[in-house]
């Protein structure tokens, strides 16, 4: 069976290697570089599906295999038509493998060669994720892009522990990929994840071994786990040049607004992060010129919008004074309005970056952004 | 200065006395009978202003004087252009007087002839509401319709206590109305509130005394305070016929979906209630054929919408299975989707009622609804 999946490279910045492309999926074409809003439980917190389209024009969102495996369960989602039917979301979806949650939610029971035994954070029930089973769960979820199960090491880790873990991640990726290929019908893609903690040699070795899979795309995982930012960027610099130019590259779980162009400058095409939405709910707005902490009393009767350069619904319609009131009053619509703004900011940044790459002006854009964020 | 306020009676049901009309305000024409969504803190919980217009076509909403007096304070709202500017809400707003909250939030300190001394439920600060001061607060809020300060008695009350309280409510209404008239510039209307607990003689006497004010409209308060429903309707039956036919009549704080036509059948034009939105957040959906309790396991993989007769965004796009998942997962968008549906149901009911009155078919409509709710 044929597949519509195709990654089309449109422009590469000769100075930095930043890329602009088109990722064709069965649920639409994704302009890269792209930021993917996070919809952990098959919902973007505070933002309706129609607003993801009309306000944000998000072309792809992320959902979480661990959470959806536990609730409502993959068979419920499958019966309702996969995530696209269940959520009534016509565009692309990427699901992570659940590995990150199993390792980070303190539900870890035991890692074996076979997989990872864990307890549900909801009710303590014991479950097992194997490389094959997480692919099967994601096949039920029907995501456009599936991720292989990987082991996520805490930071810092010893070289020895990191080597053992990275080797296991590679073996799991091979098992997952074999299983994926056996069932592939062209409707879903699958990306392995480069691990290796903060050790360049392990990162390099992991990438090289995963290249043998000739995968649909590649992710870089295990970043944003508490390490200094310079180190995350360094690991990306080590790995990205090893990855095949014709396949999309996804750095998982990054980052702050000023980091987005930095990852793109290192050849990254896809990113996701809970920061814009989580910060929104906590009253932090990202703007072109910095952060607005809305609870501050200086905004008490400030009639200006959060960011006069922004054309999101929130900035077009509401004052800082009103938003501050909603935040202090604990009104739900605050979270919605703030999330609409922050996600719009992230998606606008990615659109600006993409434009600048296509126009051959990315190095100037990058210099400008670095100046602002100093 | 002239005023655009005008209540235009379009049709009266000869059998029941149910009325259809148009209430002209500086912020639009309100088709009556009307249900007013409650936006206590200058926000409808979970629903954005644009959705109130595009999804619900709400012509008037309610905001709360007590809450807005405490936070953000009337002067902040005034500085931002009153509630219309502050909320960026172009349509009509009604503010209650704050009396109900002072008496119901257990913040009551002391009632004197002058007014009521109370403590803020937010920080314990002591404040005084007088008939004049609550008008001044509402003048700062800039609502289209203001309510006079009234004393809200708990149910049940003795005839003696009710008489003393009702007499005070009348004296307060006179003081408020004198103050209102002194400052009236045609941009705001003001309604006194008929009290009298569950005593027909006190209700009648209160209504007759308030008629002397020749007020812009009249409210019936002190219902839905724990009394049997038959009693609330009985009190309405006592009061409504005494009120001037050419002025709008507002029953405060009602009701369940099957009660809406009952109040209209007793000559009521305006209603408000937190029930549709509060029930929504708690997972209860109102439908044409009854209530859907979404947490029930029967909906686990139910692909049907909440109400196939409903054309709200929620019913047009999402299954019971997805909504149940969002509810159990504690996702904010559940509250938004459920509130959009329940408010739409209420506003649709009022539109059906209005249509049936205009078409001379209200008695048949009422019989039909009574049959369903039996």
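In this structure, is residue B:160 in a loop (DSSP other than H, G, I, E, B) and either within 14 Å of chain A (Cβ to nearest Cβ) or over 30 Å from residue A:319 (Cβ atoms) (or both)?
No; evaluated as a whole, the condition is false for this residue.
Within the stretch B:299-310, restricting attention to residues that are away from chain A (no Cβ under 13 Å) and over 24 Å from the mean Cα position of the chain (by Cα), which residue is nearest to residue A:80 (Cα to Cα)?
Filtering first and then ranking leaves B:306.
Which helices (runs of 4 or more DSSP H) sit wholly inside the stretch B:38-128 and have at least 1 residues that are at pLDDT 95 or above? Before the answer, list the steps.
Numbers: elements: B:49-54, B:65-70, B:74-79, B:82-87, B:99-104.
Result: B:49-54, B:65-70, B:74-79, B:82-87.
Being within 12 Å of chain B (Cβ to nearest Cβ) and surrounded by fewer than 16 Cβ atoms within 10 Å (Cβ to Cβ) is true for just one of A:324, A:316. Which residue is that? Lay out the reasoning, then the answer.
Details: A:324 fails: surrounded by fewer than 16 Cβ atoms within 10 Å (Cβ to Cβ).
None of the others qualify; the one that does is A:316.
Consider residue B:120 against the criteria (1) away from chain A (no Cβ under 13 Å); (2) buried (at least 20 other Cβ atoms within 10 Å of the Cβ); (3) farther than 24 Å from residue B:22 by Cα: it satisfies all of them except one. Which criterion is unmet?
Only one criterion is unmet by residue B:120, namely (2).
Test of understanding: among B:281, B:344, B:367, which residue is within 21 Å of the chain's Cα centre (by Cα), away from chain A (no Cβ under 14 Å) and modelled with pLDDT of 95 or more?
Checking each option against the conditions leaves just B:344.
Please pick out the residue among B:112, B:95, B:134 that is more than 16 Å from residue B:195 (Cα to Cα), surrounded by fewer than 18 Cβ atoms within 10 Å (Cβ to Cβ) and away from chain A (no Cβ under 14 Å).
One residue alone meets the criteria, B:112.
Quick test for you: out of A:171, A:181, pick the one residue that is closer than 20 Å to residue A:218 by Cβ, surrounded by fewer than 16 Cβ atoms within 10 Å (Cβ to Cβ), in the same structural domain as residue A:224 (by TED's automatic domain parsing) and touching a residue at least 40 places away in the same chain (Cβ under 8 Å).
So the residue among A:171, A:181 that is closer than 20 Å to residue A:218 by Cβ, surrounded by fewer than 16 Cβ atoms within 10 Å (Cβ to Cβ), in the same structural domain as residue A:224 (by TED's automatic domain parsing) and touching a residue at least 40 places away in the same chain (Cβ under 8 Å) is A:171.
Could you list, in sequence order, all residues of the stretch B:139-167 that are closer than 15 Å to residue B:192 by Cβ and touching a helix residue (DSSP H, G or I) at 6+ places or on another chain (Cβ under 6 Å)?
B:146, B:148, B:149, B:150, B:151, B:152, B:166
So which residues in the stretch B:235-251 are in a loop (DSSP other than H, G, I, E, B) and surrounded by fewer than 24 Cβ atoms within 10 Å (Cβ to Cβ), if there are any at all?
Matches in the stretch B:235-251: B:243, B:244, B:245, B:246, B:247.
For the structure I just gave you, tell me whether residue B:274 is under 16 Å from the mean Cα position of the chain (by Cα) and more than 26 Å from residue B:13 (Cβ to Cβ).
Details: under 16 Å from the mean Cα position of the chain (by Cα): yes; more than 26 Å from residue B:13 (Cβ to Cβ): yes.
Here the answer is yes, as residue B:274 does meet what is asked.
Counting only residues that are at the interface with chain B (Cβ under 7 Å from one of its Cβ atoms) and over 12 Å from residue B:87 (Cα atoms), which one in the stretch A:327-338 is surrounded by the fewest Cβ atoms within 10 Å (Cβ to Cβ)?
A:328
Of the residues that make up the stretch B:180-188, is at least one within 20 Å of the chain's Cα centre (by Cα) and at negative phi?
Of the stretch B:180-188, the ones within 20 Å of the chain's Cα centre (by Cα) are B:188.
Still in the list and also at negative phi: B:188.
Scanning the stretch B:180-188 turns up at least one residue that is within 20 Å of the chain's Cα centre (by Cα) and at negative phi.
Every residue in the stretch A:57-73 that is surrounded by fewer than 21 Cβ atoms within 10 Å (Cβ to Cβ) and in contact (Cβ under 8 Å) with a residue 60 or more places away in the chain, please.
A:57 - this is the single residue of the stretch A:57-73 that is surrounded by fewer than 21 Cβ atoms within 10 Å (Cβ to Cβ) and in contact (Cβ under 8 Å) with a residue 60 or more places away in the chain.
Can you confirm whether the stretch A:220-233 contains a residue that is in contact with a helix residue (DSSP H, G or I) (Cβ under 6 Å, 6 or more places away or on another chain) and assigned to a strand (DSSP E or B)?
yes
Scan the stretch B:45-81 for residues that are within 20 Å of the chain's Cα centre (by Cα) and closer than 22 Å to residue B:134 by Cα and jot them down.
Hits for the stretch B:45-81 are B:60, B:61, B:62, B:63, B:64, B:65, B:66, B:67, B:68, B:69.
Determine if the stretch A:203-214 includes at least one residue that is buried (at least 18 other Cβ atoms within 10 Å of the Cβ), in contact (Cβ under 8 Å) with a residue 12 or more places away in the chain and in a loop (DSSP other than H, G, I, E, B).
The answer is yes, given that some residue of the stretch A:203-214 is buried (at least 18 other Cβ atoms within 10 Å of the Cβ), in contact (Cβ under 8 Å) with a residue 12 or more places away in the chain and in a loop (DSSP other than H, G, I, E, B).
Go through the stretch A:76-88 and report how many residues are in contact with a helix residue (DSSP H, G or I) (Cβ under 7 Å, 6 or more places away or on another chain) and either facing chain B (nearest Cβ under 10 Å) or closer than 23 Å to residue A:118 by Cβ (or both).
Residues of the stretch A:76-88 in contact with a helix residue (DSSP H, G or I) (Cβ under 7 Å, 6 or more places away or on another chain): A:76-78, A:80, A:82-83, A:86-88.
Next, from what is left, pick out any that are either facing chain B (nearest Cβ under 10 Å) or closer than 23 Å to residue A:118 by Cβ (or both): A:76-78, A:80, A:83, A:86-88.
Number of matching residues: 8.
Out of contact with any helix residue (DSSP H, G or I) (no Cβ under 8 Å at 6 or more places or on another chain), at pLDDT 95 or above and crowded, with 19+ Cβ neighbours inside 10 Å, is that true of residue A:269?
Yes.
Being crowded, with 20+ Cβ neighbours inside 10 Å, at the interface with chain A (Cβ under 9 Å from one of its Cβ atoms) and touching a residue at least 40 places away in the same chain (Cβ under 8 Å) is true for just one of B:41, B:49. Which residue is that?
Being crowded, with 20+ Cβ neighbours inside 10 Å, at the interface with chain A (Cβ under 9 Å from one of its Cβ atoms) and touching a residue at least 40 places away in the same chain (Cβ under 8 Å) holds for just one of B:41, B:49, which is B:49.
Restricted to the stretch A:17-37, and to residues that are under 25 Å from residue A:214 (Cα atoms) and outside any strand (DSSP E or B), which residue is nearest to the chain's Cα centre (by Cα)? Lay out the reasoning, then the answer.
Quick first cut of the stretch A:17-37, residues under 25 Å from residue A:214 (Cα atoms) only: A:17-36.
If we keep only those that are outside any strand (DSSP E or B) too, we end up with A:17-18, A:26-27, A:33.
On the way: A:17: 21, A:18: 18, A:26: 19, A:27: 18, A:33: 12 Å.
Across the stretch A:17-37, the extreme among qualifying residues is A:33.
The values are calculated or read from the model by the stated rules, or taken from the named source; none is laboratory data. From a predicted model like this one, the values you see are computed outputs, not experimental measurements. FYI the Cβ positions are ideal-geometry reconstructions off the backbone, even for glycines, and counts take in every protein chain you see.
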